[in-house]
Amino acid sequence: MSEENRFLIFVVEYYRNKKNLSGKEVVALFDKYNIWDLAKKSYFLWHIESPENFVQEIDSYAGL
C-alpha cells in the first residue's frame, strides 16, 4: 500500500472520530464532495500539518 493510501485511511479515521460519524457517513460525504481528490492533491501539505487543518479544509470544501 502506498503512503498516500495509508494517509487517506488516516484522514477518514481522523475525520470520522473528530465528527463522531460512522465510516459509511464519511465515505458518503467524501464521495458527494469528491474529498478523495482533494485529499490526494493535498497529501504533501496535509501530512505535515496538524490534522485539525485538514478537518477545517474538508468542512470548508463541503460547505459544512
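The values are calculated or read from the model by the stated rules, or taken from the named source; none is laboratory data. These numbers were taken from a predicted model, which means no experiment stands behind them. Methodologically, a virtual Cβ is constructed for each residue, glycine included, from the backbone with ideal geometry; neighbour enumeration extends over all protein chains shown. Heads up: the accessible areas ignore ligands, DNA and RNA and are worked out on the full protein's heavy atoms, side chains in. Shrake-Rupley method; radii C 1.70, N 1.55, O 1.52, S 1.80 Å.
Among the residues of region 19-42, count how many are part of a helix (DSSP H, G or I), loosely packed, with under 15 Cβ neighbours inside 10 Å and of a type outside the set (D, E, K, R).
Going through region 19-42 one residue at a time, the tally reaches 3.
Return the pair list, or none, for Cβ contacts closer than 8 Å from residues in region 8-33 that are touching a residue at least 60 places away in the same chain (Cβ under 8 Å) to residues that are open to solvent by 50 Å² or more (accessible area, probe 1.4 Å) and in a helix (DSSP H, G or I), at least 6 apart or on different chains.
none
Residues are listed down the side, and each one gets a yes or a no for (1) within 20 Å of E4 (Cα to Cα); (2) acidic (D, E); (3) modelled with pLDDT under 95:
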| residue | (1), (2), (3) |
| --- | --- |
| N20 | no, no, no |
| W36 | yes, no, yes |
| S42 | yes, no, yes |
| W46 | yes, no, yes |
| S50 | yes, no, yes |
| A62 | no, no, yes |
